[in-house]
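> To start, I am sharing the structure in question, which I have written as structure tokens.
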Amino acid sequence: MVAIADSTLEHATGQLTLTQFHALRVVSERTPVTMSRVAGELAMNPSTVTRACERLTSLDLLQKAPNPLNRRETLLAPTAKGRQLVGQVDEDRRRVLAGVLDRLDDDVRAAVLTAFADFARVATPDAL
């Protein structure tokens, strides 16, 4: 699974680290969001997230704006290009995973899908 995640990210863009992509995903899923919330979601040091977001901004994948409710905070949102990248990586991962599952015997595939469903049910962010 990690190899699939890494290869699809590398295929979509050789410019991003896994940390940068994770930050982009969090921002895409929780727009608008503050840097501190992204750091909390990723359980990372705020300075690391700030550097990752600066890189995403320089690549036109993320945009920043001052929070009108709190001038000390910066709000983050993905650009259209950023949303497209997240969507492309997700699509590529589904395609690769489907190809792997298609190579399994029917009974093994059914068991794997059941195991994935069980895993997804218990692997909530709160449980990690």
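The values are calculated or read from the model by the stated rules, or taken from the named source; none is laboratory data. Just so you know, these numbers come straight off a predicted model, no measurement behind them. Note: ideal-geometry Cβ built from the backbone for every residue, glycine included; neighbour counts use all protein chains shown.
> From the list L56, L42, L75, L24, exactly one residue is surrounded by 14 or more Cβ atoms within 10 Å (Cβ to Cβ), under 13 Å from the mean Cα position of the chain (by Cα), more than 25 Å from A120 (Cβ to Cβ) and at pLDDT 90 or above. Which is it? Before the answer, list the steps.
Details: L42 fails: more than 25 Å from A120 (Cβ to Cβ); L75 fails: under 13 Å from the mean Cα position of the chain (by Cα); L24 fails: more than 25 Å from A120 (Cβ to Cβ).
Only one candidate passes the filter, namely L56.
> Looking for whichever is farther than 27 Å from V38 by Cα and either of a type outside the set (S, T, Y) or surrounded by fewer than 13 Cβ atoms within 10 Å (Cβ to Cβ) (or both) here; the options are V122, V96. Which one fits? Quick ask: steps written out before the conclusion?
Working: V122 fails: farther than 27 Å from V38 by Cα.
When all the criteria are applied, what remains is V96.
> Can you pull out the residues in region 16-41 that are in a loop (DSSP other than H, G, I, E, B) and either more than 15 Å from Q84 (Cα to Cα) or among the hydroxyl-bearing types (S, T, Y) (or both)?
Restricting attention to region 16-41, the residues satisfying the condition of being in a loop (DSSP other than H, G, I, E, B) are 16-17, 30-32.
If the condition is that a residue be in a loop (DSSP other than H, G, I, E, B) and either more than 15 Å from Q84 (Cα to Cα) or among the hydroxyl-bearing types (S, T, Y) (or both), then T17, R30, T31, P32 are the ones that fit.
> For R37, only one of the following conditions fails: (1) of a type in the set (D, E, K, R); (2) closer than 20 Å to Q88 by Cα; (3) at pLDDT 90 or above. What is its number?
(2)
> Could you list, in sequence order, the residues of region 61-88 that are in a strand (DSSP E or B) and of a type in the set (G, A, S)? Reasoning before the result, please.
If we filter region 61-88 for residues that are in a strand (DSSP E or B), which is where we start, we get 62-67, 70-78.
Passing the criteria: A65, A77.
> Quick one: what pairs do we get from region 27-43, first residue within 16 Å of N70 (Cβ to Cβ) and of a type in the set (K, R), second at pLDDT 90 or above and in a loop (DSSP other than H, G, I, E, B), C-beta under 8 Å, 6+ apart or different chains?
Filtered contacts from region 27-43: R37/R30.
> Okay, next question. Mind listing just one residue for me: the one in region 60-72 that is more than 16 Å from the chain's Cα centre (by Cα) and of a type in the set (A, V, I, L, M) and, of those, modelled with the lowest pLDDT?
Checked region 60-72; the qualifying residue modelled with the lowest pLDDT is L69.
> Under 8 Å between Cβ atoms, which residue pairs at least 6 apart in sequence (or on different chains) link something in region 1-16 that is of a type in the set (V, I, T) with a partner that is modelled with pLDDT under 75 and part of a loop (DSSP other than H, G, I, E, B)?
So the pair list comes out empty.
> Could you tell me which numbered condition A80 fails, if it satisfies all but one of (1) in contact with a Ser or Thr (Cβ under 8 Å, 6 or more places away or on another chain); (2) at pLDDT 95 or above?
The number of the failed condition is (1).
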